[in-house]
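Remarks on the structure that follows.
The values are calculated or read from the model by the stated rules, or taken from the named source; none is laboratory data. Worth saying up front: this structure is predicted, and the values here are computed from it rather than measured. Backbone-built Cβ (ideal geometry, glycine too); neighbour counts: all protein chains shown.
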Amino acid sequence: MNILTGNTIKLRALEPTDVELLYNWENNSDIWAVSNTLVPFSRFILEKYIAESHMDIFQTKQLRLMIDYAGADKTETVGAIDLFDFDPMNERAGIGILISEQKYMNRGFASEALELLINYSFNILQLHQLFCHIDSDNEVSIKLFEKFKFKITGEKVDWNKTPKGWKNVYMLQLINHSNHS
């Protein structure tokens, strides 16, 4: 069985046909606060990003995988999951998840994708730890990561400025205790 294939979803590499999806996601200002984005991305930049996505995580220090759901009649791309700030010296990486539309939320896709990426990160990349940053009021995301034993290890006060004021951000970490390199 493929380490990137679960019961209902499959994680896969970026394809040139994903440019339109990425263009829509990256230019959706509703999620910019979560992704720390301030400006839109051009199709040209996204096409270049996809063209370079074949490069090794050790070169680019990041990895984006698309989350595909094989439905009854067709396969749909429902989101993406990323490793970023990859630090091979300290054997760690940040992790982020996007489920693209409300109709795909609360169906277990993020949970299954996170479980697959944790297994990939610890068993293939042999990382010692994964981390993420989540707004302190994002209970759904916090519960998702805590389900997989991520622990809140810190709080960044007044970290993200929003139109409604400042938000605190939790740092969560998952340590791979079986990897003692």
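Name the single residue that is farthest from Asp135 (Cα to Cα) among those in the range 149-178 being in a loop (DSSP other than H, G, I, E, B) and not small (Gly, Ala, Ser). Checking each candidate, the answer is His177.
With respect to (1) farther than 19 Å from Val78 by Cβ; (2) buried (at least 18 other Cβ atoms within 10 Å of the Cβ), the lone exception for Leu116 is condition (1).
Scanning the range 119-137 for residues that are touching a residue at least 60 places away in the same chain (Cβ under 8 Å) and either surrounded by fewer than 17 Cβ atoms within 10 Å (Cβ to Cβ) or not hydroxyl-bearing (Ser, Thr, Tyr) (or both) yields Asn119, Asn123, Ile124, Leu125, Asp135. Residues of the range 63-75 that are part of a strand (DSSP E or B) and surrounded by fewer than 17 Cβ atoms within 10 Å (Cβ to Cβ): Ala70, Thr75. Looking only at residues in the range 43-62 that are at pLDDT below 70 and in a loop (DSSP other than H, G, I, E, B), the one that is farthest from Leu114 (Cα to Cα) is Glu52.
The rows are residues; the columns are (1) at pLDDT below 95; (2) at negative phi; (3) not basic (Lys, Arg).
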site: Leu127; (1), (2), (3): no, yes, yes
site: Asn138; (1), (2), (3): yes, yes, yes
site: Glu146; (1), (2), (3): no, yes, yes
site: Lys149; (1), (2), (3): no, no, no
site: Met171; (1), (2), (3): no, yes, yes
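If you go through the range 146-181 and keep only what is among the aliphatic types (A, V, I, L, M) and either touching a residue at least 24 places away in the same chain (Cβ under 8 Å) or farther than 20 Å from Ala110 by Cα (or both), you end up with Val157, Val169, Met171, Leu172, Leu174, Ile175.
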